[in-house]
Amino acid sequence: MSNDQAGESASTKVRIVHLADHTGKLQVIFPYDSMLDMAALSRLTKRRFDPVANYNIDGDPLVKPSTCPTLIDSELLNSEFIELRSHSQQNYKTIPLEEFKARFQGPLARYESLAIPVKSIPKAAESIDGDVDQLFQALGKFQAVRLKQRIEETLEIPPLPASSHRIIQLCGNDHAGTDDLCDVINLDPSLSAQVISWASSPYYGVKGEIESVEDAIIRVLGFDMVMNLALGLSMGNAFQLPQDGPRHYEDFWYSAVSHAVLMEALVRKMPSGQRPRLGHAYLAGLLHNFGYLTISVVLPPHFAILSRYIEANAHLPADVIEMQTLRFTKEQLGAWLLKHWGLPESIYTGIRYSRTADYRGAHDGIANLLYLAHQLFNGDDLNATLLEKVNIAHDDALACYKKVMSSSKELMTMVDLISGQK
């Protein structure tokens with residue numbers, strides 16, 4: 001039977017993942033539109049597996065079940081046809097279920113319930129107003145009280161640096177000027193040095209030395225940008241990268257910096273009357289994944305579990321995996337923390353809705369640009385409706401992304417400033 005004929009009937013595309021523990025390897029086959037349930041695997045095997053690959057969107061090569069133990073999700077038995085490929089470089093081939101079963105028989109292969117259909121995974125609250133209730137319900141009454149204490153009383157989260165508090169107060173002062181901002185930043189010599197070094201980065205290509213924060217404001221970055229950059233830098237200094245995260249997240253701060261400079265470039269491509277505040281957009285890019293760090297600090301056991309699920313299910317969006325394992329997303333938790341810390345509403349709202357393509361509401365400019373930035377970094381087809389809404393041409397958006405990617409060496413210098421390597 002041809003692939004076209006099979007497509008008219010019920011067929012299921014499958015994903016192949018290799019896992020291992022100290023005693024050996026396991027091959028798992030499950031529907032592509034499902035999430036591999038690591039907890040179910042542990043119950044079924046009485047073993048604790050980790051994915052072999054750090055991050056594999058395409059899936060692992062098919063290994064003959066006669067040479068490797070293979071678990072197959074029993075949901076596949078309800079399909080008439082299976083879409084299968086032996087390697088990520090090959091095209092999927094559609095075969096009848098009976099042929100699939102004939103290939104995967106023998107003592108090392110068995111069928112079990114080990115995957116969760118994405119359509120059955122709960123969704124994040126539609127509105128930011130429902131986030132607190134969803135967070136508390138997700139963790140249970142006792143755990144929620146503990147979470148609230150950890151965030152609101154900063155029992156286990158590093159307190160917001162004093163320089164951040166001062167800058168946030170400055171954000172709300174409509175009469176603040178360059179001298180006020182310089183005074184605040186210069187109270188923290190380390191932060192002052194970071195801002196000057198950032199403005200001196202080859203990425204901005206400024207001729208001559210940047211000798212002061214005032215120089216950085218006037219000659220390079222501008223008041224709004226420096227204020228929000230300084231805030232992001234000081235907040236970044238309050239958190240350490242987790243040790244037990246997904247292994248492909250080692251470039252966390254590079255992602256933060258590259259999102260920030262891409263947001264800056266995208267804002268400049270928008271019509272002047274439609275642009276969100278440049279500094280706010282920049283800071284939203286820098287902090288877009290701050291909820292990830294928050295989860296690692298507030299809920300370390302949950303974070304370790306989430307990390308393994310992300311590695312095993314690299315074909316799925318992170319928010320889908322977060323909703324199944326945590327019942328909330330990092331964007332929800334991150335926005336809640338940033339709101340508690342008193343950041344401008346445009347920043348935490350933009351981050352909260354940064355994964356919502358059709359978001360329309362307060363501060364949707366930053367949210368839409370962040371969504372566009374995510375698409376560019378993921379290599380996805382750009383949302384034409386979103387491009388029209390932010391009034392950026394498709395080619396202009398791609399040009400902004402290419403410029404950022406061509407400046408990776410310069411961006412790494414900025415990353416070193418945050419991570420304390422320079």
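Figures for the structure shown
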| read-out | value |
| --- | --- |
| Residues of segment 103-128 that turn out to be out of contact with any helix residue (DSSP H, G or I) (no Cβ under 7 Å at 6 or more places or on another chain) and assigned to a helix (DSSP H, G or I), as a count | 3 |
| Filtered residue count, segment 28-49, keeping only those that are assigned to a loop (DSSP other than H, G, I, E, B), open to solvent by 20 Å² or more (accessible area, probe 1.4 Å), under 16 Å from ILE310 (Cα atoms) and in contact with a helix residue (DSSP H, G or I) (Cβ under 9 Å, 6 or more places away or on another chain) | 3 |
| Subset tally (residues that are farther than 22 Å from SER408 by Cβ and either touching a residue at least 12 places away in the same chain (Cβ under 8 Å) or touching a Ser or Thr at 6+ places or on another chain (Cβ under 9 Å) (or both)) for segment 197-209 | 1 |
| Residue in segment 176-190 that is part of a loop (DSSP other than H, G, I, E, B), more than 21 Å from LEU293 (Cα to Cα), open to solvent by 60 Å² or more (accessible area, probe 1.4 Å) and modelled with pLDDT of 70 or more present | yes |
| Condition met for ARG85 (in contact with a strand residue (DSSP E or B) (Cβ under 9 Å, 6 or more places away or on another chain), surrounded by 17 or more Cβ atoms within 10 Å (Cβ to Cβ), closer than 18 Å to PRO65 by Cα and not hydrophobic (A, V, I, L, M, F, W, C)) | yes |
| Residues (open to solvent by less than 40 Å² (accessible area, probe 1.4 Å) and either closer than 21 Å to ARG327 by Cα or free of Cβ contacts under 8 Å to residues at least 40 places away in the same chain (or both)) located in segment 98-127 | PHE100, LEU114, ALA115, ILE116, VAL118, ILE121, ALA124, ALA125 |
| Per-region count, segment 50-82, residues assigned to a loop (DSSP other than H, G, I, E, B) and either under 21 Å from the mean Cα position of the chain (by Cα) or surrounded by fewer than 18 Cβ atoms within 10 Å (Cβ to Cβ) (or both) | 16 |
| Residue within segment 241-251 that is open to solvent by 10 Å² or more (accessible area, probe 1.4 Å), part of a helix (DSSP H, G or I) and at pLDDT 85 or above present | no |
| Residue identified as of a type in the set (A, V, I, L, M) and more than 16 Å from the chain's Cα centre (by Cα) among ALA318, ALA314, ALA265, ALA256 | ALA265 |
| Test: residue in segment 307-314 that is among the β-branched types (Val, Ile, Thr), open to solvent by less than 40 Å² (accessible area, probe 1.4 Å) and at pLDDT 95 or above | no |
| Count of segment 176-212 residues which are under 16 Å from MET235 (Cα atoms) and among the acidic types (Asp, Glu) | 1 |
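For every residue, the table says whether it meets (1) open to solvent by 20 Å² or more (accessible area, probe 1.4 Å); (2) farther than 28 Å from MET414 by Cβ; (3) in contact (Cβ under 8 Å) with a residue 40 or more places away in the chain.
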{"site": "SER296", "(1), (2), (3)": "no, no, yes"}
{"site": "ARG355", "(1), (2), (3)": "yes, no, no"}
{"site": "ASP358", "(1), (2), (3)": "yes, yes, no"}
{"site": "GLY361", "(1), (2), (3)": "yes, yes, no"}
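The values are calculated or read from the model by the stated rules, or taken from the named source; none is laboratory data. A quick note: this is a predicted structure, and the numbers were derived from the prediction, not measured. Quick reminder, even Gly has a Cβ in these numbers, built from the backbone with ideal geometry, and neighbours come from all protein chains shown. Quick note on the areas: whole protein, heavy atoms, side chains included, nothing else; ligands and nucleic acids left out. Shrake-Rupley method; radii C 1.70, N 1.55, O 1.52, S 1.80 Å.
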